[in-house]
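So that we are looking at the same thing, I have put the structure below in structure tokens.
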Amino acid sequence: MIDKISASVEAALRDVPDGATVMIGGFGGAGQPSELIDALIAQGARDLTIVNNNAGNGEVGLAALLKTGRVRKIICSFPRQVDSQVFDGLYSAGKIELELVPQGNLAERIRAAGAGIGGFFTPTGYGTDLGKGKETREIGGRMYVLESPIHADVALIKAEKGDRWGNLVYRKTARNFGPIMATAARLAIASVHEIVPLGDLDPENIVTPGIFVHRLVKVPRTATGPAGFRQAA
Amino acid sequence: MQRLTREQMAVRVARDIPEGAYVNLGIGLPTLVANHLPRDREVFLHSENGLLGMGPAPAPGDEDYDLINAGKQPVTLLSGGAYFHHADSFAMMRGGHLDICVLGAFQVSTAGDLANWHTGAPNAIPAVGGAMDLAIGAKKTFVMMEHLTRTGESKIVERCTYPLTGVRCVSRIYTDLSVLDVTTNGLKVVEIFNDLPFGELQKVTGVPLID
């Protein structure tokens, strides 16, 4: 019997190697898999490259991971926020490398990796500092920049419900990067708030089919807050 | 010179957003436009984090931080609204499906180049978010900004001195003094507010305007 459910977050994260590229879902707090990030901190892998839209909020989740000093590089679109003090400090001190990517290019580079695309021409970033040094091409009278896929060793994503085959559904805008990151990683780990029997998820509504998900783990329902998470009422 | 207030600017931009338009309102000043869309007009607001049919802010106590906008503030979803993942959201932009995008700006050039993501200051931490995708994606990109900087310099320039967000991407500029269309011949005045004479507008604008 196929059962992708891990008994604990520790078990789900047991074998993340040093030097791994780890995608972490979420847009700010929404969709950020905080329990999986905490487990990654406890697991201790270092020299990591992190792919996320942001670079952590407050002192929890991704910010707490950055604070351990185990992240060598971050690939993201919007690091600077009112509560990104942990990243800001590391960056200003030269202790973390930043690859800044326009958000749509970030999403498409992740999608391309998952879809087996070797690169793509995008109009976004053409003629700007973020397109500098990249191959360009005129296609149909418009200028494009060549962008490459971003593959990951591990993706940590947050979904709402899943089943033992790894099928997932999400909740509201917490979906954001989850579905594409699941496709782009060798090992995709999802936290869910509810595990349901096979067949309970409406096949018409499954957002991430189980083929993209290798492990899932149930975590208590939390409510995302402005700078992280709190126990749901 | 009598300038429009930020709310008056939002009212003016809202007037140009037609029934049925798919629209993305950027962070900051453009966000105000949502408050001034006529209630009898159906407009689809898009948020880059995976939301179409965005509604107003929830009542205090009803915030759901799984339902936020691009500025990470809690919002609501209208009946008929939809959620989707990030690659689909940016396909809506880059694929030219959005009709209008309204963005703030540091500078706009006479050719329609936009600078709005980075001051280029050496100690500034850069952050781009969806700005570059938005700038080039929608069918029409509207810029909404004060005409002059706080120190009185024109934000409409021959060439942007700040780092570019997009090349030749702006179609119309709404300022607190005027509305200007970007044309192949240069910036054409569509409207001047509060009976400001054209000559006065020209005097404070960094590039030649077409009356």
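The values are calculated or read from the model by the stated rules, or taken from the named source; none is laboratory data. Computed from a prediction, not measured in an experiment: that's the story for all the values here. When we count neighbours, we look across all protein chains shown, and the Cβ atoms used for this are built from the backbone with ideal geometry, even at glycine.
Hey, does region A:183-191 have a residue that's farther than 26 Å from A:D15 by Cβ and either at pLDDT 95 or above or part of a loop (DSSP other than H, G, I, E, B) (or both)? Break it down stepwise before answering.
From region A:183-191, those farther than 26 Å from A:D15 by Cβ are none; that's our starting set.
So far as region A:183-191 goes, no, none of its residues is farther than 26 Å from A:D15 by Cβ and either at pLDDT 95 or above or part of a loop (DSSP other than H, G, I, E, B) (or both).
If we only count helices (runs of 4 or more DSSP H) wholly inside region A:1-95, which ones have 2 or more residues that are without any contact (Cβ under 8 Å) to a residue 40 or more places away in the chain and more than 12 Å from chain B (Cβ to nearest Cβ)?
A:34-43, A:62-67
Is it the case that some residue within region A:43-57 is of a type in the set (S, T, Y) and crowded, with 22+ Cβ neighbours inside 10 Å?
no
Moving on to the next point. Of all residues in region B:110-127, which are touching a Phe, Trp or Tyr at 6+ places or on another chain (Cβ under 9 Å) and either at the interface with chain A (Cβ under 8 Å from one of its Cβ atoms) or β-branched (V, I, T) (or both)?
Once the filter is applied, which keeps residues that are touching a Phe, Trp or Tyr at 6+ places or on another chain (Cβ under 9 Å) and either at the interface with chain A (Cβ under 8 Å from one of its Cβ atoms) or β-branched (V, I, T) (or both), region B:110-127 yields B:H118, B:T119, B:I125, B:P126, B:A127.
Just one of the numbered conditions (1) under 30 Å from B:E200 (Cα atoms); (2) touching a residue at least 40 places away in the same chain (Cβ under 8 Å) is not true of B:G130; which one?
All conditions pass for B:G130, except number (1).
Another one. Mind listing just one residue for me: the one in region A:133-162 that is surrounded by fewer than 24 Cβ atoms within 10 Å (Cβ to Cβ) and closer than 28 Å to B:G81 by Cβ and, of those, nearest to the other protein chains (Cβ to nearest Cβ)?
Per the criteria, the residue is A:E160.
Which residue is farthest from B:E191 (Cα to Cα), if the candidates are limited to region B:1-30 and must be under 11 Å from the mean Cα position of the chain (by Cα) and at pLDDT below 95?
Result: B:I27.
When the residues of region A:163-172 are narrowed to those that are in contact with a strand residue (DSSP E or B) (Cβ under 8 Å, 6 or more places away or on another chain) and within 11 Å of chain B (Cβ to nearest Cβ), which ends up surrounded by the most Cβ atoms within 10 Å (Cβ to Cβ)?
The qualifying residue surrounded by the most Cβ atoms within 10 Å (Cβ to Cβ) is A:Y170.
Go through region B:96-211 and tell me which strands (runs of 3 or more DSSP E), entirely inside it, have 3 or more residues that are over 13 Å from the mean Cα position of the chain (by Cα) and either over 30 Å from A:F177 (Cα atoms) or not charged (D, E, K, R) (or both).
Correct list: B:178-183, B:186-192.
Tally time: how many residues in region B:56-66 are buried (at least 18 other Cβ atoms within 10 Å of the Cβ) and touching a residue at least 12 places away in the same chain (Cβ under 8 Å)?
0
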